[in-house]
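All remarks here apply to the structure that follows.
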Protein chains: 2
Amino acid sequence: MFDHTQCVVRSSLLEKLGRTLPVKGRHRKTVIVHANSNVRRNPNIAKLQAGYLFPEINRIKMKHLEENPDAKIISLGIGDTTEPIPQPITKAMAAAAENLGTLDGYAQYGGYGAEQGQTLLREKLAERFYAEVNIQASDIFVSDGSKCDISRLQMMFGSNRRVAVQDPSYPAYVDSSVMIGNTEMYDHASKQYGKIVYLACSSENDFFPNLGLAKDAELIFFCSPNNPTGAAATRDQLIELVRHAKETGSIIIYDAAYAIYISNPNCPKTIFEIPGADECCIETCSFSKYAGFTGLRLGWTVVPDKLKFADGSLVKNDWNRLMCTSFNGASNIAQAGGMACLSDEGMNAMSELVSFYKENATILKNTFEEMGYAVYGGTDAPYVWVSFDGRDSWEVFTEVLTKCDIVVTPGSGFGPAGDGFIRCSAFGHRENILEAAQRLKESFSRS
Amino acid sequence: MFDHTQCVVRSSLLEKLGRTLPVKGRHRKTVIVHANSNVRRNPNIAKLQAGYLFPEINRIKMKHLEENPDAKIISLGIGDTTEPIPQPITKAMAAAAENLGTLDGYAQYGGYGAEQGQTLLREKLAERFYAEVNIQASDIFVSDGSKCDISRLQMMFGSNRRVAVQDPSYPAYVDSSVMIGNTEMYDHASKQYGKIVYLACSSENDFFPNLGLAKDAELIFFCSPNNPTGAAATRDQLIELVRHAKETGSIIIYDAAYAIYISNPNCPKTIFEIPGADECCIETCSFSKYAGFTGLRLGWTVVPDKLKFADGSLVKNDWNRLMCTSFNGASNIAQAGGMACLSDEGMNAMSELVSFYKENATILKNTFEEMGYAVYGGTDAPYVWVSFDGRDSWEVFTEVLTKCDIVVTPGSGFGPAGDGFIRCSAFGHRENILEAAQRLKESFSRS
């Protein structure tokens, strides 16, 4: 700690560190008042490069709007839902809100809820999404979304873990790994943080990485259908993934946020369809892209009973302890919305919504293909991944914004292997998707 | 990492660690399949004693109910609001929910919101609670509650910090400090975690600690009105607190979750009333106890522009980066509720609600005083802190539960200096508070 007595006599240092002020008391004396705190910045957070991807893109978009106030911007950028929430679901939430204004309603749903989520919602999630696999309601922890759970998972596992990620991948995996202290410094040459294992996924390996590179990893983040590439892993690929985890003793954090977009019967909708996955996998999922809940904040994480740390203790127990200490349950009205999503009517409504966005994806995919680009994804995912043959993806991003007033996401924002690509999100009103397709054709056609 | 080749030949170890299975491939070979992962348990989480306090108490309550199915339990335990949310607020939330079912409504509020909260809500919070002090809307970060923000603050500051807490205090401060790696092991003799500085607060020091003990602390958690003692710090005490922070260069994490319960004009409702606090304090607050939002999840944290790390960088920038990476905004319907709370009608409704709970507190305080106990708090806070003259507080807790079917909170659950006390929460229906008072008088009167 700082030695104050020394400072009083060393005026140059004093000036540098703070200013003096008289203090009340019997013996009036001069003490330091710090202009800055003495608290050092967290060195792990200091490692982070630039801002988090999507706020950064939003900043650039706002700047473009400022300079071009008449621009009619279309966003194919952040994967943000645009269609209204189906009314059976909004009506259920409205009823839940009204209900909190009554004595009985408040008694039932008003106070602190269980940190793990409402029992009925956990049961319904188990019934709707895990009926065919070995997952129980008690393995499901309701939360305010996958992004939030990813950071809480980092907090549960703690620092100095060896982490592997798909490259490209959703930036929260890497950024949260940096923040918790699982990486070394950023290397500007490789565009990678030290110590993280980047598992390149490209058309050359069918977007399934060489897992041999991850043999020392303790935690592997794996997202299917993948954000941003739109690739959905096949059953055989996931069997290989689970076998790898079982052989190396690693734990897979499997992000299934887009599982509902899978049409291919050969691609599992949950990792727990794979035998043994309940001994090596955690799965996160979310209502965000299922029912337009991006702003409502409702997701879940599955931590199976059989998943154990090296010492044999249950991962689930530590997850429960962390959720009870660092979280206080998802908003009760959002949970009422979740229940409505899982009714027969809600399931049908979600299915229609997802079909609508998938049609958008088809339009975008076809557009780029007709324009002469190599395009991936867009079939089992709401993302279309377009190759610009190795061009700097921020440069492409800027060109698309400048020429077409369209916001996309630069591929390199998802990791170095994403450079040369842009991600187009299929979340948008139909007329905007069609208009975007038209604008892109006018400015970027190759054929 | 685990050496597999060794394991194949050492069958006893093999048996202990996993089982073998044949693997497909050209050269069929035997590999280990781990029954447990190789991922070691986070040693910091392993330090935590028992479960988080309130779920633990709930567990004991449920057990009591199982054994006494006819018991009419009254909870004065966890500070959980019981009165309906005022209808102007629920109606605003119902309208917000319905609105998400329309194209325009969804466009305005439906998708991802700003991670920092809706601009209008931040502005309204600044206007209602910080108009007289040097805090702007841009310093206010809306969240899903103080408990969640406390863990995120720990994540921002990172591990190996020297932390000081009031003793007794809200258990999330200590538990989250343990989890992030700011403590050594728990010592069963002192009932303290190593390295944390416990600042005893008792009637002997007017519930204001000897800050000299915290001279090496980097982070000081300070809650006023205090949970559990109900003590609200005076202006002079807070001037001393801020002066201490400025002199030592520490940062105060000031929990003002109960500020609305302050009646005493000599007790500030925000730490930012104290000159210089904006250079050394973060303040967390919440709608939970203001408007019955415990289950809705809405709070805020103030990180002033002038608060700097030792290197001169802004704490606010790192907080913003963390919130963007680990959080995705509070639920939009809850934020609509927050806006309604801050309307003139909502402010009046909150004021009535708070007055009601304060009357409950008066009833409980008077009851125990009439019964011959030394009682603290209950005047500027919804908690009544009752001395049982050094008796083991879990023993008192059990006796109160067994004799009266009343759940209270054992003082030692808030830290070792809380032993000998119980905390009674004033959140309850009036008839239950009166009934509880009656039952307590029958079994615990001293006079």
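The values are calculated or read from the model by the stated rules, or taken from the named source; none is laboratory data. Given the structure is predicted, the values throughout are model-derived calculations rather than measurements. Here Cβ is always computed from backbone atoms with ideal geometry, including for glycine, and neighbour counts include all displayed protein chains. Heavy atoms of the whole protein, side chains included, go into the accessibility calculation; ligands, DNA and RNA do not. Shrake-Rupley method; radii C 1.70, N 1.55, O 1.52, S 1.80 Å.
Below is a table of values for the structure above.
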| quantity | calculated |
| --- | --- |
| Cα centroid of segment A:108-142 to Cα centroid of segment A:203-270, whole Å | 25 |
| Sequence ranges A:397-410, B:203-216, B:308-321, A:284-297, ranked by mean other-Cβ count within 10 angstrom, highest first | A:284-297, A:397-410, B:308-321, B:203-216 |
| Relative contact order of chain B, pairs being alpha-carbon contacts under 8 Å that are 6 or more residues apart, as % | 19 |
| Charge-dipole axis of segment B:285-414 as Lys and Arg at +1 and Asp and Glu at -1 on Cβ define it, positive-most pick from B:L298, B:S326, B:S393 | B:S326 |
| Candidate aspartates and glutamates for bridging to B:K358, where Cα separation is under 15 Å - those fewer than 8 sequence places away on the same chain excluded | B:D80, B:E83, B:D380, B:E431 |
| Viscosity 1.567 mPa s, 4 °C: Kirkwood-radius Stokes-Einstein D of segment B:87-344 over Cα pairs, µm²/s | 68 |
| Relative contact order (%) - criterion: Cα under 8 Å, at least six apart; region: segment B:188-346 | 15 |
| Cut-off 11 Å between beta-carbons: net charge of the residues surrounding A:G77, Lys and Arg +1, Asp and Glu -1 | 0 |
| Other-copy label distances relative to B:S443, 7 angstrom Cα-Cβ extension, nm | 7.4 |
| Sum of -39500 (n - 2.57) over DSSP H runs of 4+, divided by residues of chain A (222 nm, nearest 500) | -12500 deg cm²/dmol |
| Net charge contributed by nearby residues that have their C-beta within less than 10 Å of A:N227 (K/R +1, D/E -1) | +1 |
| Net charge dipole size for the protein assembly as shown [Lys, Arg +1 and Asp, Glu -1 on Cβ; Debye, nearest 20] | 2060 |
| Exam field: A:A310 pseudo-label spacings to other copies (7 Å along Cα-Cβ), nanometres | 3.2 |
| A:D216-A:M62 pseudo-label distance in nm [points 7 Å out on the Cα-to-Cβ vector] | 4.2 |
| Those aspartates and glutamates that a straight Cα-Cα span of less than 15 Å connects to A:K316, excepting residues fewer than 8 apart in one chain | A:E115, A:D139, A:D149, A:D278, A:E279, A:E283, A:D305 |
| Charge context of B:S176, other residues only, Cβ under 13 angstrom, K/R +1, D/E -1 | +3 |
| Within segment B:254-336: Cβ-based charge dipole about Cα centre, in debye rounded to nearest 20 (Lys, Arg +1; Asp, Glu -1) | 280 |
| Debye, to nearest 20: dipole size of chain B, +1 on Lys, Arg Cβ, -1 on Asp, Glu Cβ | 2220 |
| Distance between modelled label sites at B:E127 and B:R40, nm, 7 Å Cα→Cβ extension | 5.5 |
| Extension gain from A:T234 to A:E352, taking 0.36 nm per residue of separation minus the Cα-Cα distance | 40.1 nm |
| Accessible area per residue, Å², chain B with all protein chains present, probe 1.4 Å | 37 |
| Centre separation in Å (Cα based) which lies between segment A:369-405 and segment B:323-345 | 35 |
| Where only C-alpha atoms are counted, convex hull volume of chain B per residue in Å³ | 214 |
| Furthest towards positive pole of dipole, B:V197, A:I85, B:A107, structure part the protein assembly as shown, Cβ charges | B:V197 |
| DSSP beta bridge pairing in chain A, given as percent antiparallel to the nearest 5 | 60 |
| Set of aspartates and glutamates with alpha-carbon distance to A:K215 below 15 Å, sequence-local pairs under 8 removed | A:E240, A:E247, B:D3 |
| Considering only the protein assembly as shown, percent of DSSP beta bridges that pair antiparallel, nearest 5 | 60 |
| FRET E, pair B:L120, B:R430, Förster distance 41 Å, beta-carbon r, rounded to 0.05 | 0.70 |
| Evaluated over the protein assembly as shown, the Cα radius of gyration and Dmax, each in Å | 27.9, 96 |
